[in-house]
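Read-outs: derived from the displayed coordinates by stated rules, not from any lab. Note that the coordinates shown come from a computational prediction; the quantities given were computed from them, not determined experimentally. Heads up, the Cβs are rebuilt from the backbone with ideal geometry, glycines too, and the neighbour counts pull from every protein chain shown.
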Amino acid sequence: MTRLGPFAAATLALSLLFSNQPASAAGFPPAFVVADVPVDATAQSAVQAREAARHDGERKAFRQLLERLTAKSDWARLPQPGDETITNLVQDFEVKNEHSSAVRYLASYTYRFSPNGVRKLLRDAHLGVTELASKPVVIVPVLQAGGTAKLWDDPNPWRAAWSTADGKAGLVPWTLPAGDLADVTALDVPAVAKPTSEQLQALAQHYGGGDVVIATATPGNDGIDVTIARYSPDGTTDPVSIQVPGSKPDAALYLAAVVASERALEDKWKQLTLGGGEQETILSISVPIASAADWGAVRERLTRIPFVRGQQVDLFARTEVRLRLRVRGDANLLRIGFAQQDLVYTPAQPVATLALRTPVATAKPAAVDPAPADADTGTE
C-alpha cells in the first residue's frame, strides 16, 4: 500500500488524538433527552411551587426515559430511585412556557439525563437496554374520514397535531414534511395506500434519506384508530395498529394519538435493537476512502453510535484506512447501527468493510431546494 507524506501523517495524528473524544463532542445522545414534560404545582409560595413542579417533572421524565430504553415486559422491574438520585442523574434541563402566580407554577421542561449514570442503574438491575436511535423518519399523517383521505390539504387536524409535537428526541426521531411541491410530487393521495419504493425514496431524500412512516388516523365515535406503517427503502413494511379511546376527536385526542404513535414506533424499533448482547469485541475494519474528507466523515459518524466504545487506527493510506473498533453487540445490532449513520457494514474475516453509503439520486423539481436533516444517534 502507498503511504502518505507529512500531511497524511498530521491527519493521522489528529485522527488518533480525537479517536476517544467524549460523546459531547458529537452532540448529546437523543435517546437520553425527554422533551416537553408538562408540570403544574401549587404551594405556599411561587418558589416552593416551582421546586415542587421541577421534582415532579424529573420523576415523570425519568420514568418515561426508563420505559423508552427497556422492553415493556421489564417495566414492572424498573428501578425506583428517590428524588435525590434522579436529580443527580439530570445533566441539565430547559424550561419554556413558564406561568406563575403567588402560589402556582406551570411550565414545560426538557431534561437531559446522564447516559453513563442511567446505563449503570439499569444494568445493575440486570435489565436489557437499547439506546441506539433510529435515523430520523419522515412522518406522513393521513386522515381517513368520511370515506375520503386527506394528505397535504388543510384542514387536517391529524397533521396539525404532529406539527405541534417535538420529534427530535427519543429512539425514533422524526420530521414532518413541509407539504411543498416536491412532497406533493413525490406522494399523492391515490399513491399513499400502496406507495412504490421510488415514491418513498423521493420523499425520503428530500428530508435526509430516512425511512418513511405513513400514519393513518381514522376518527370514530369511540376514539381514533391509527395504523403506523414504517416503510423500508425497498417498499416493505410491517404495520401496527393502535386504538386511542375518546368521546370526541378534538385537538387533545389527536395529540394523544401522536404520543401513542411515537410509542408504537419505539416499541417496533426496540424489537430490532434489544438483546444485542453486552460482551465487547474487537472488529478489524477496512474503510475505503477517496479523500481525507471521507475518513473524517466516517470517523465523525462513528462517534454517534453508542455501541462503538473506542477506535484505533492501524493504517492510513491513500485509498484505505485500517482500524480496530471496540464494540458491544451482535452482528444484527452492528448492521442496524452502522446503517443509521449511512455506513454500509460488510462482515468478513479477518477484516470487515465499512463504507460511506452513496446517496440515491432522485428527481425533484428544479425550483425546490432540498433540506436534508442529519441524524444524531449519540454515543458515550
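Numbers below:
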read-out	value
Modelled FRET efficiency - R0 45 Å, T85 with D225, Cβ distances, 0.05 increments	0.65
Reachable aspartates and glutamates, given that their alpha-carbon falls under 16 Å from the alpha-carbon of K268 and they are not under 8 places away in the same chain	E67, D74, E131, D211, D238
For the range 30-124: rounded, prolate or oblate by the Cα gyration tensor [a/c cutoff 1.5]	prolate
Overall Cα dimensions of the range 70-121 - principal axes, largest extent first, Å	41, 22, 19
Cross-link reach list, aspartates and glutamates versus K150, counting only Cα pairs under 20 Å and skipping chain neighbours closer than eight places	D180, D183, D188, D225, D250
Charge dipole of the chain about the Cα centre (unit charges at C-beta), most positive-ward option of A31, I289, A251	I289
The chain, relative contact order [Cα under 8 Å, separation at least 6], %	19
Candidate values (1) 50, 20, 15; (2) 37, 30, 19; (3) 34, 27, 21, label of the one derived for semi-axes √(5λ) of the Cα gyration tensor in Å	(2)
Karplus-derived 3J(HN,Hα), 6.51/-1.76/1.60, for each residue of the range 106-115, Hz, glycine and proline x	10, 6, 10, 10, 10, 10, 10, 9, 5, x
Value at 222 nm in deg cm²/dmol, rounded to 500, when DSSP H runs of n ≥ 4 in the chain each add -39,500 (n - 2.57)	-10000 deg cm²/dmol
